[in-house]
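These notes concern the structure reproduced below.
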Amino acid sequence: DAGVTQSPTHLIKTRGQQVTLRCSPKSGHDTVSWYQQALGQGPQFIFQYYEEEERQRGNFPDRFSGHQFPNYSSELNVNALLLGDSALYLCASSQGTGSNEKLFFGSGTQLSVL
Amino acid sequence: RKEVEQDPGPFNVPEGATVAFNCTYSNSASQSFFWYRQDCRKEPKLLMSVYSSGNEDGRFTAQLNRASQYISLLIRDSKLSDSATYLCVVIYNTDKLIFGTGTRLQVFP
């Protein structure tokens with residue numbers, strides 16, 4: 001039973017570019033949340049997807065957008081990359097909403113913006 | 001003021017020592033509380049939930065003080081394998097985990 005899988009594991013981009021990160025939830029999970037973790041900081045909530053809709057959003061600009069597909073996988077898109085977007089991007093999945101204790105995290109995508 | 005605050009450490013302790021971490025949160029409407037463990041640049045993993053009555057899991061004890069809005073984690077008989085960053089997590093809005101910055105623990109022989 002595969003856990004949460006994210007791709008790619010590492011990515012290097014330059015300022016102004018656009019990036020797409022991918023996440024496949026744990027089998028049986030239908031909810032995906034995205035977090036950004038800058039070096040030396042705790043993860044910060046970006047947004048959550050359930051039933052192919054964005055259900056909650058953290059304090060991130062519109063440059064951060066996402067999508068959930070019918071198979072529950074999800075993408076995180078970041079446009080017009082800034083140096084400050086360099087971080088570890090974590091995807092977490094769960095079954096339904098409100099099941100906070102049952103969050104499973106993927107190993108993340110390390111994004112470096114040069 | 002940050003929603004969840006932790007001393008970033010590092011805490012350097014010898015094997016066998018007892019070490020305690022504290023965490024404070026600002027929103028009195030917070031509903032659920034957890035400690036997560038994160039190894040270097042890996043994903044956070046749930047260590048334990050925190051209940052008002054206090055709870056214990058082997059060498060780990062968690063406490064919650066709602067009146068003072070703080071959470072604690074006590075690790076007894078520290079092992080080298082306990083070296084990691086410990087993240088305090090609070091939930092007051094369904095499904096949105098609020099993480100502290102983490103406290104780094106280094107256990108030395």
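The values are calculated or read from the model by the stated rules, or taken from the named source; none is laboratory data. The shown structure was predicted, so the numbers you read here are calculated from the model rather than taken from an experiment. Virtual Cβ from ideal backbone geometry, glycine too; neighbours counted across all protein chains shown.
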Open item on the list: Can you find, within segment B:82-99, the residue that is farthest from the other protein chains (Cβ to nearest Cβ) among those that are in contact (Cβ under 8 Å) with a residue 24 or more places away in the chain and not in a strand (DSSP E or B)?
Closed with: B:Asp82
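Looking at B:Val107, B:Val13, can you tell me which residue is over 21 Å from A:Lys102 (Cα atoms), touching a helix residue (DSSP H, G or I) at 6+ places or on another chain (Cβ under 6 Å) and in contact (Cβ under 8 Å) with a residue 12 or more places away in the chain?
Details: B:Val13 fails: touching a helix residue (DSSP H, G or I) at 6+ places or on another chain (Cβ under 6 Å).
Step by step, each of B:Val107, B:Val13 is checked, and only B:Val107 is over 21 Å from A:Lys102 (Cα atoms), touching a helix residue (DSSP H, G or I) at 6+ places or on another chain (Cβ under 6 Å) and in contact (Cβ under 8 Å) with a residue 12 or more places away in the chain.
Anything in segment B:17-34 that is small (Gly, Ala, Ser) and part of a loop (DSSP other than H, G, I, E, B)? List them, or say none.
B:Ala17, B:Ser26, B:Ser28, B:Ala29, B:Ser30
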Task: Condition broken by A:Phe60, with the remaining ones in (1) touching a Phe, Trp or Tyr at 6+ places or on another chain (Cβ under 8 Å); (2) within 12 Å of another protein chain (Cβ to nearest Cβ); (3) assigned to a loop (DSSP other than H, G, I, E, B) satisfied - done: (2)
TODO: Determine if segment B:55-71 includes at least one residue that is under 12 Å from the mean Cα position of the chain (by Cα) and either in contact (Cβ under 8 Å) with a residue 40 or more places away in the chain or within 24 Å of A:Tyr35 (Cα to Cα) (or both).
DONE: yes
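If the requirement is being in contact with a Pro (Cβ under 9 Å, 6 or more places away or on another chain), more than 9 Å from chain A (Cβ to nearest Cβ) and modelled with pLDDT of 90 or more, which of these qualifies: B:Arg37, B:Arg59? Let's see the steps before the verdict.
Working: B:Arg59 fails: in contact with a Pro (Cβ under 9 Å, 6 or more places away or on another chain).
B:Arg37 is the lone residue from the list that is in contact with a Pro (Cβ under 9 Å, 6 or more places away or on another chain), more than 9 Å from chain A (Cβ to nearest Cβ) and modelled with pLDDT of 90 or more.
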- [ ] Pull up segment B:10-26, narrow it to residues that are exposed (fewer than 14 other Cβ atoms within 10 Å of the Cβ) and either β-branched (Val, Ile, Thr) or more than 14 Å from chain A (Cβ to nearest Cβ) (or both), then point me to the one that is nearest to B:Leu74 (Cα to Cα).
- [x] B:Ala20
TODO: Provide a single number: the residues in segment B:17-40 that are small (Gly, Ala, Ser) and farther than 19 Å from B:Ile91 by Cβ.
DONE: 2
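Any chance you could count how many residues in segment B:100-109 are of a type outside the set (Lys, Arg), more than 7 Å from every other protein chain (Cβ to nearest Cβ) and crowded, with 18+ Cβ neighbours inside 10 Å? Let's see the steps before the verdict.
To start, the set of residues in segment B:100-109 that are of a type outside the set (Lys, Arg) comprises B:100-103, B:105-109.
Then drop every residue that is not more than 7 Å from every other protein chain (Cβ to nearest Cβ), which leaves B:103, B:105-109.
Then drop every residue that is not crowded, with 18+ Cβ neighbours inside 10 Å, which leaves B:103, B:105, B:107.
Qualifying residue count, segment B:100-109: 3.
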TODO: State yes or no: is B:Val19 farther than 19 Å from A:Pro43 by Cβ and over 14 Å from the mean Cα position of the chain (by Cα)?
DONE: no
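Of all residues in segment A:41-54, which are surrounded by fewer than 21 Cβ atoms within 10 Å (Cβ to Cβ) and more than 7 Å from every other protein chain (Cβ to nearest Cβ)? Quick ask: steps written out before the conclusion?
To start, the set of residues in segment A:41-54 that are surrounded by fewer than 21 Cβ atoms within 10 Å (Cβ to Cβ) comprises A:41, A:44, A:47, A:50-54.
The answer is A:Gln44, A:Phe47, A:Tyr50, A:Glu51, A:Glu52, A:Glu53, A:Glu54.
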Open item on the list: Quick check on segment A:55-69: of everything there that is modelled with pLDDT of 95 or more and farther than 18 Å from A:Val4 by Cβ, which residue is surrounded by the most Cβ atoms within 10 Å (Cβ to Cβ)?
Closed with: A:Phe64
Task: Residue list for segment A:6-19, filter: among the β-branched types (Val, Ile, Thr) and surrounded by 16 or more Cβ atoms within 10 Å (Cβ to Cβ) - done: A:Val19
